[in-house]
Structure formats: C-alpha cells, structure tokens
Amino acid sequence: MKWTTNITKVEPNHLVTKGYRQEDLIGTIPYPHVVYLLLKGELPSEEHGRMMDAMLTACIDHGVTPPSAMASRVVASGGVPLPTAVAAGILSIGDAHGGAIEKGARFLQDGIARMKQENLSIDEMATMLVQESREQKKRILGFGHRVHTADPRTARLFSLAKELGIASDHLALSQAIEKELQVQTGKALPINVDGAIAAISSDMGFDWRLGKAFFLLGRVAGLTAQVYEEQTKEKLMRKMFEADCEYTGPKERDIP
C-alpha cells in the first residue's frame with residue numbers, strides 16, 4: 001500500500017512542505033502565512049497574509065461562554081493531561097458552535113454563483129435568498145449573536161478586508177443580506193464574526209469546506225489558555241457551571 005500526499009515530503013534530515021524546506025520557513029515566514037500555504041498551496045501575498053492573521057486572531061477566544069471552553073475546563077478539572085482537555089473542547093465544535101463559518105461560506109458561495117448565472121444584482125440576490133430562507137423556515141447562519149448586538153470583530157475584519165482590497169462580491173452579499181433581514185423580519189441581525197470570516201474567506205478563494213478550519217486553528221490557542229488556567233489556578237473537581245436540576249423520572253419504588 002502506498003500513500004500519496006502533496007503536503008510534506010519526509011526524508012532523513014530533510015522536510016519539504018508544499019515545496020519549501022521547513023528550515024527556510026522557520027523564523028522567516030509567520031505562522032498564519034504557513035497555514036495559508038498548507039491550505040492553498042502557495043505563500044500568501046502581503047494582503048492575504050495580513051488577512052489570514054486577522055481571521056485567526058478573531059477566533060482566538062470568547063471567554064468561558066461557549067461550549068468549547070466549558071468542555072475543556074470541565075474535563076481539565078478531572079485531572080487529565082492538557083491535550084486531553086483541549087481535545088474535549090475541540091470535540092464540542094460543530095454546526096451550532098463554530099460551524100457557521102462553513103455553512104455561511106457555502107451559502108454565500110452558492111449565492112454568488114447563482115447571482116452570476118441568473119444575471120442578478122447583489123441586492124436582488126439578497127432579497128431572494130432571505131425570502132426563500134424564510135419560506136423554508138431555514139436560518140441563515142452568520143447573522144446575530146447571543147452576546148453582542150454589534151460584534152466588534154466583524155467591524156474590524158470588514159474594515160481590514162476593504163483596506164487590503166480583498167472585499168468583493170461575497171462580503172457585499174453578506175452586507176446586503178444583513179440589511180434585507182432587517183427589512184423582512186423587522187429585527188436587527190448583524191453579521192457576527194463567523195459570517196464575516198465566511199464572507200472574507202470566500203472572497204479570498206477558500207473552499208467553504210475549510211470553514212471550520214479557521215475557527216479550529218484560532219480557537220485551539222484560546223482553549224489551551226483556558227485549560228492551563230484551570231489546571232494552575234483552580235482546584236480539581238471544583239464546582240462549576242451549576243444549574244438547578246429537577247428529577248422527572250419514575251417515583252421511588254422497591255425491587256419486585
């Protein structure tokens with residue numbers, strides 16, 4: 001059995017990743033740029049490199065509020081090694097937490113492809129997408145946030161994308177959808193950080209299937225910090241995330 005890979009060649013005393021010797025990358029190319037290299041196959045331009053750095057940083061941490069941080073700290077409290085507790089947090093990342101980038105990017109990429117095929121404007125496409133989603137009772141991911149009424153990360157990412165000349169159709173469509181959601185629902189559902197990264201990564205030419213990758217690559221650093229704090233600042237098996245629990249099972253009974 002023989003594997004093929006175009007990622008890294010491994011030989012005695014010799015490592016080549018995407019055509020570059022690793023010793024040449026080390027200390028020369030910033031980590032976010034090497035991530036870009038791994039995912040796209042080429043080193044980024046200065047603009048794309050800065051944007052990659054910004055997107056990963058935007059995912060870095062969100063306190064103990066999300067399931068991933070809670071899971072990591074609860075598992076760490078059991079006295080397990082750091083990688084185990086960090087892995088517990090990563091395992092909690094799915095469609096509801098961290099998955100909006102992937103689904104949002106697919107939605108935007110399909111929308112732009114359809115817009116071009118049907119010769120529609122950005123605004124016309126946004127109106128149709130919101131209307132169809134409401135009729136199908138489907139939520140458009142990447143809009144609204146349970147904590148923020150205006151996600152500060154979105155504003156910074158969009159500003160930088162425009163400054164670097166990266167912002168294009170996908171970002172424009174996301175902003176048009178944001179406006180159309182308010183028109184059709186009467187509610188303010190601002191673009192959150194997931195929606196921002198979905199739009200920008202799409203404008204950078206990334207496949208929507210890499211959506212969760214941006215979140216994972218950024219958030220693993222925050223989860224590591226959460227676990228380390230739990231292990232060094234708190235007692236094992238401490239009480240945390242307590243909630244009132246009402247038993248709704250069978251009444252107490254004897255064994256027949």
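Quick note: the coordinates plus some simple rules give every number you see, no bench work behind them. In this text, all values refer to a predicted model and were calculated from it rather than measured experimentally. Here the Cβ positions follow ideal geometry from the backbone for every residue, glycine too, while neighbour counts run over all protein chains shown.
For the reader, a short list of remarks on this structure follows.
- Of all DSSP beta bridges in the chain, antiparallel share, percent nearest 5: 80
- Average Cα contact separation per residue, segment 1-44, under 8 Å, 6 or more apart, as relative contact order %: 25
- Positive-end residue of Ala105, Tyr36, Ser77, charge dipole of the chain with Cβ unit charges: Ser77
- Spacing of the modelled spin labels on Leu210 and Glu252, each 7 Å from Cα toward Cβ, amounts to 6.0 nm.
- Options Val16, Asn119, Val130, ranked by Cα towards positive dipole end of the chain, top entry (Cβ charges): Val16
- In segment 134-193, the ratio of gyration radius to Kirkwood radius, Rg to Rh, stands at 0.99 when only Cα atoms are counted.
- Cα-based Kirkwood hydrodynamic radius, segment 1-44, one decimal, Å: 11.1
- Contact order normalised by residue count of the chain, Cα under 8 Å, 6+ apart, percent: 26
- Debye equation applied to the C-alpha atoms of segment 1-113, log10 I(q)/I(0) at 0.13, 0.17, 0.20 Å⁻¹: -0.80, -1.09, -1.12
- Applied to segment 15-27, the Karplus parametrisation 6.51 cos²θ - 1.76 cosθ + 1.60 on θ = phi - 60° returns per-residue 3J(HN,Hα) values of 10, 10, 10, 6, x, 9, 5, 5, 5, 7, 6, 5, x Hz, with x for Gly and Pro.
- Only Lys, Arg, Asp and Glu carry charge here, each on its Cβ (+1 for the first two, -1 for the last two); on that basis segment 7-48 has a dipole of about 180 debye about its Cα centre.
- A viscosity of 0.890 mPa s and a temperature of 25 °C, combined with the Kirkwood radius over Cα pairs in Stokes-Einstein, give a translational diffusion coefficient for the chain of 118 µm²/s.
- Around the Cα centre of the chain, unit charges on the Cβ atoms of Lys, Arg, Asp and Glu (plus for the first two, minus for the last two) sum to a dipole of about 420 debye.
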